[in-house]
1. Taking the range A:75-104, which residues are more than 9 Å from every other protein chain (Cβ to nearest Cβ) and either under 30 Å from residue B:21 (Cβ atoms) or touching a helix residue (DSSP H, G or I) at 6+ places or on another chain (Cβ under 6 Å) (or both)?
2. Do you know which residues across the range B:80-94 are away from chain A (no Cβ under 12 Å) and surrounded by fewer than 20 Cβ atoms within 10 Å (Cβ to Cβ)?
3. For residues that are free of Cβ contacts under 8 Å to residues at least 12 places away in the same chain and either in contact with a helix residue (DSSP H, G or I) (Cβ under 7 Å, 6 or more places away or on another chain) or not in a helix (DSSP H, G or I) (or both), tally how many sit in the range B:261-275.
4. Take residue B:69 and decide whether it is touching a helix residue (DSSP H, G or I) at 6+ places or on another chain (Cβ under 9 Å) and crowded, with 18+ Cβ neighbours inside 10 Å.
5. Condition first: more than 8 Å from every other protein chain (Cβ to nearest Cβ), part of a helix (DSSP H, G or I) and either loosely packed, with under 13 Cβ neighbours inside 10 Å or without any contact (Cβ under 8 Å) to a residue 60 or more places away in the chain (or both). Now tell me which residues in the range B:133-153 satisfy that.
6. Given (1) farther than 13 Å from residue B:173 by Cβ; (2) over 13 Å from the mean Cα position of the chain (by Cα); (3) free of Cβ contacts under 8 Å to residues at least 60 places away in the same chain, where does residue B:228 come up short, assuming only one miss?
7. Would you check which residues across the range A:52-74 are in a helix (DSSP H, G or I) and either facing chain B (nearest Cβ under 9 Å) or touching a strand residue (DSSP E or B) at 6+ places or on another chain (Cβ under 7 Å) (or both) and list them?
8. How about the range B:100-132: which of its residues are within 16 Å of residue B:194 (Cα to Cα) and either in contact (Cβ under 8 Å) with a residue 12 or more places away in the chain or more than 7 Å from every other protein chain (Cβ to nearest Cβ) (or both)?
């Protein structure tokens, strides 16, 4: 900052020119680097999960790396009841999405398009 | 706010007019009925349990006793404090990590904007539980991070562990709720008219001043929404404490889960839930007052 104040007068043009200090030169890189680290933080557990999907666990728990194996991917439905559980999950997800969309649309329409007694209070309660 | 319209009401009296008057109520009915059955009734039921005495086997009778509340407050003060402390620290951390990320996506994202946003919500594509278990693997005493530091590099003593400490627990909570902070912050920052910041620049504000007096105040609704979305579920979270913490770092969510689902002690479990709910309501009210509600709801 000290170099800029001596070389460039405080004219409007000065602000658009790059400044000399180290901080000013680094600052365009800091935010993207920080964001990349934060995204890495978010991705790490997923990466671990993918890596450990190729593990052949020694016991019941898949917590310690043992040896490479494709069995988890080759026989995904070996666990008894897993296929049924997946089917149930899908069914419930589809049904609840349909019901929530219909009810939510109706509530949303009523709250934004119509005047009725208790509209403000209802708005407050729902949000 | 959208301007309320009454298109059907103008049709005048008669069947269509009456239908028009009833229409908003007809539209509301299913949703409100749903909320009443699945939200209001259970809440009333919980409240009745909290002032009852008895057991699952012999049934409960409403005795208007406050025993459950006194027991909840006397026995579990530490867990309430843990919840406030860990939930609070995690919320501050998500804000400190989330703000620069949201700022980068909103103002520097460029053509990568959608990709980064996708990566932020990508964790939701897998289960909360599995992601937390992944952290358990990673932070384990002989896990991929600590084992090399201990044995290969010898930087840490063999007894060193992260798992089971408040640090692992707070890191897990921060991790799990980070997207809930980033998304509302991004929405608030994205809405900021870039010309306002240029105007501050034109009026001889330096970057720091423009940020402090233009960007930050306009981002406050996002900060408010994000910290509520983080703090409220973080307070009640019990998965992170269960998997990454230790008995000493248990939070109030663990106690509620234990009382209701393991010990079948419905009165104390319900009383704990109500105390937690009341505490959160008070905290939110105070927080809204501090940040200035008019700005946020307007």
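1. Passing the criteria: A:77, A:98, A:100, A:101.
2. Within the range B:80-94, B:80, B:81, B:84, B:85, B:88, B:89, B:92 meet the criteria.
3. Counting residues in the range B:261-275 that are free of Cβ contacts under 8 Å to residues at least 12 places away in the same chain and either in contact with a helix residue (DSSP H, G or I) (Cβ under 7 Å, 6 or more places away or on another chain) or not in a helix (DSSP H, G or I) (or both) gives 2.
4. yes
5. Answer for the range B:133-153, where residues must be more than 8 Å from every other protein chain (Cβ to nearest Cβ), part of a helix (DSSP H, G or I) and either loosely packed, with under 13 Cβ neighbours inside 10 Å or without any contact (Cβ under 8 Å) to a residue 60 or more places away in the chain (or both): B:146, B:147, B:148, B:149, B:150, B:151, B:152.
6. So residue B:228 meets the others, but not (2).
7. The answer is A:52, and nothing else.
8. Of everything in the range B:100-132, those that are within 16 Å of residue B:194 (Cα to Cα) and either in contact (Cβ under 8 Å) with a residue 12 or more places away in the chain or more than 7 Å from every other protein chain (Cβ to nearest Cβ) (or both) turn out to be B:102, B:103, B:104, B:105, B:106, B:107, B:109, B:110.
None of the figures in this text is laboratory data; all of them are computed from the coordinates on show. Keep in mind that this is a model prediction, so the values were computed, not measured. Note that we place each Cβ from the backbone using ideal geometry, even for glycine, and neighbour counts take in every protein chain shown.
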